[in-house]
Amino acid sequence: MRFKDHFSRQAANYAKFRPRYPREMFEYLGSLAPSRKLAWDCGTGNGQAAIGLASVFDHVIATDASDKQIANAEPHERVEYRVAPAENSSIKSGTVDLIMVAQALHWFDLDPFYAEAGRVLKPDGVLAASAYNLLQIEPAIDEIVNRYYHEVVGPFWPPERKLVEQFADLPFPFHEIDPPEFEMTAQWNLDHLVGYLRSWSATQRFMAAKGADPLEQITDELRVAWGNPQQARSVIWPLTLRVGVKEMRRRLTSKKTPNAQRPTPNAKKNQRCLDFARHDK
């Protein structure tokens, strides 16, 4: 499958204006992983999730098929950036504790990617995929942004983008766990919001097709709704997180523990979820 590059053109803006993932999400994922030695951030973009993973894991391999995205990625001593497609990472088999796919799963060729994920994960390793859609600021601003998303640039979204809205229903061939709820938050002024909207792939495709800036259609409305353009407002993106485990193969041993006494990988993972939830209150 040929890589569909929707982001290289605006890689610098993408790096500047995209929100950060919450540290609590990475701590939670680290609590599920069989160890914290190696994480793979697949489809890293400019490295937002990779940097978060580096606060929890000893080493992070962060890959993206776009060399321009990698060139604009934020450096970190624990993060090793590579240009590679999701479906062919060149990572050694059975070495990865956690795979993170942040706002990227809908761009992948899923069957080859899942095969690659199964290959590189350790037994009992974890695959986590997150997605977010429209932001929330306040009703008057949200209405303008929603209209921009659906009506102004709506026809210019790549077909794969619709899968974000169907993210919870995407195939996910791993033993799935129900995670806690997480959200991203930021404090933005009006310029930052406009920069974020300009980083959307649909905005860039509109500009390429029509030779005009679609944001001009909503800028005046946004100014009125926002008020003082330098005023910082709280911005929230609810996250959808899907978490799956590559179940450990049962090893045949000369001394077998009775089934009633043997903890299963799923039981251990679910107990970790409960432990995390208790400590996260």
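The values are calculated or read from the model by the stated rules, or taken from the named source; none is laboratory data. Bear in mind the structure is a predicted one, so any value in this text is a computation, not a measurement. All Cβ positions, even for glycine, are placed from backbone atoms using ideal geometry, and neighbour counts span all protein chains on display. Accessible surface areas use protein heavy atoms only, side chains included; no ligands, DNA or RNA. Shrake-Rupley method; radii C 1.70, N 1.55, O 1.52, S 1.80 Å.
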Q) Is it the case that the stretch 196-206 has a residue that's open to solvent by 50 Å² or more (accessible area, probe 1.4 Å) and over 30 Å from residue 245 (Cα atoms)? A) yes
(Q) Condition first: out of contact with any strand residue (DSSP E or B) (no Cβ under 6 Å at 6 or more places or on another chain), of a type in the set (D, E, K, R) and outside any loop (DSSP other than H, G, I, E, B). Can you find one or more residues in the stretch 76-88 that meet it? (A) no
Q. Among the residues of the stretch 57-77 satisfying the criterion of being acidic (Asp, Glu) and modelled with pLDDT of 95 or more, which is least open to solvent (accessible area, probe 1.4 Å)?
A. 64
Q.
If I go through the stretch 103-125 residue by residue, how many of them are at pLDDT 95 or above, touching an Asp or Glu at 6+ places or on another chain (Cβ under 7 Å) and of a type in the set (A, V, I, L, M, F, W, C)?
A. 1
Q) Say we look at the stretch 146-176 and pick out the residues that are among the acidic types (Asp, Glu) and closer than 19 Å to residue 202 by Cα; which of these is most open to solvent (accessible area, probe 1.4 Å)? A) 151
